[in-house]
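Working notes, beginning with the structure itself.
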Amino acid sequence: MTGYKVANGNGTTNGTNGSTNGNKSAEYIAQENPTMCSRDCCSGPGGSRKGNTCTDKKGAKAGSLNTEKIIPTPQSLLGNGKILCEITPEELRALRVLNEDTYPYEVIEEIADFITKGSGMRPKIGIICGSGLGSLADIIQDPKIFEYEKIPNFPVSTVEGHAGRLVVGTLEGATVMAMQGRFHFYEGYPLAKCSMPVRVMKLCGVEYLFATNAAGGINPRFAVGDIMLMHDHVNMLGFAGNSPLQGPNDPRFGPRFPALVNSYNKDLINKAIEIGKAMGIESNIHVGVYSCLGGPNYETIAELKALRMMGVDAVGMSTVHEVITARHCDMKVFAFSLITNKCATEYSDKKDEEANHDEVMAVAKNRQKACCELVARLIREIHSASA
Ligand SMILES: O=P(O)(O)O[C@H]1O[C@H](CO)[C@@H](O)[C@H]1O
């Protein structure tokens, strides 16, 4: 059988069957066919590789390409069976952006232009809907809806309860844009990609980020259905050396070393507490600390105990990297967790103490009315204060 090399972003892997596929592997090199085109001669992002010239490309185009020697990887195909040396420059650029961990300013700007021109609006408030909280976007009036799939260079939602639409319109008089579906690290997206839409929001004109999530309550005082207003976070992925701001810093977004104390706007937290009182749900509103783990598995008892010892009140798999990105570009942040389950912090055989996504979704559905009212009233206050 013919030998092959599959580039994996960290070097190459030899083999005779299967494929070793890394994040950036859109390239493959036939060892025994020097005329086969590799991506480098087609301006791929993998860096220079010896021996690949455009003569290779001509050879490939001329029909000397031996497709049996190609190991197709998800990245090597564009869904239509094309190989890289046949794709157009536009397709190649889109593919490169999708494979990149970071998005250049110009690409974010293009996405923002697509949304502001397509909607004819410059939103001031951005909302990220948590799991099962997509109804926060359903209350937007005169909505212009952008399916993620149709937004150039945008990732797609893969999680149940995250519809995958960007909704632009008005809410309580304010122009808003809402992500009905967020991106999570466990979906396979790097953190910078998970929070890239926050930068899109910024370039659309957004000044306030409202980030919502479904979370497990670790604080024993929290009940299912309660709302925890986030006043701080513990960035567990950051402890492990991962950040949405990793890589070269573009000062047009913000500084290399942003401070994160006071990330959660105190005025907005206080207003939300007042609104909670006015809604008669003050006993269901708490202020606390959220932590994001990588997921997709829920936590072990030992992990939950450790988080509690660290002062964490609620745990999820999102939001923190969005908040970091928002603060980096100087947005005001308001965030809350809907407590969809109580986390067990003692060992037990009871099955009903295990978290599960169906329960998360069901609780979010039950509490969506209160969450929508809280968000709408807070937006009304922000809007009337700025009018
Ligand atoms: O944080 P959101 O997107 O609300 O979703 C939460 O719910 C899912 C687990 O049930 C995880 O994705 C967790 O992060």
task = Quick one: in the range 161-183, of everything that is in contact (Cβ under 8 Å) with a residue 60 or more places away in the chain and open to solvent by 10 Å² or more (accessible area, probe 1.4 Å), which residue is nearest to Ile128 (Cα to Cα)?
result = Gly161
ask   = Which residue, of Met317, Met331, is in contact (Cβ under 8 Å) with a residue 24 or more places away in the chain, buried (at least 19 other Cβ atoms within 10 Å of the Cβ) and within 26 Å of Glu160 (Cα to Cα)?
value = Met317
note = Restricting the range 293-314 to residues that are hydrophobic (A, V, I, L, M, F, W, C) and either touching a residue at least 40 places away in the same chain (Cβ under 8 Å) or in contact with a strand residue (DSSP E or B) (Cβ under 9 Å, 6 or more places away or on another chain) (or both), the one surrounded by the most Cβ atoms within 10 Å (Cβ to Cβ) turns out to be Ala314
query = Taking the stated definitions as given, is Glu110 among the charged types (D, E, K, R), modelled with pLDDT of 95 or more, open to solvent by 10 Å² or more (accessible area, probe 1.4 Å) and touching a Pro at 6+ places or on another chain (Cβ under 9 Å)?
reply = yes
query = Being open to solvent by less than 60 Å² (accessible area, probe 1.4 Å), more than 11 Å from the ligand (Cβ to nearest atom) and not in a helix (DSSP H, G or I), is that true of even one residue in the range 355-371?
reply = no
request  = Just give me the residues in the range 136-158 being within 19 Å of Ala211 (Cβ to Cβ) and open to solvent by less than 20 Å² (accessible area, probe 1.4 Å), in sequence order.
outcome  = Leu136, Ala137, Ile140, Tyr148, Phe154, Pro155
query = From the list Asp349, Asp313, Asp330, which residue is more than 11 Å from the ligand (Cβ to nearest atom) and within 21 Å of His286 (Cα to Cα)?
reply = Asp313
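The values are calculated or read from the model by the stated rules, or taken from the named source; none is laboratory data. As the structure is a computational prediction, the values presented were derived from the model and not from experiment. Virtual Cβ from ideal backbone geometry, glycine too; neighbours counted across all protein chains shown. Protein only, heavy atoms only, side chains kept; ligands, DNA and RNA dropped before computing areas. Shrake-Rupley method; radii C 1.70, N 1.55, O 1.52, S 1.80 Å.
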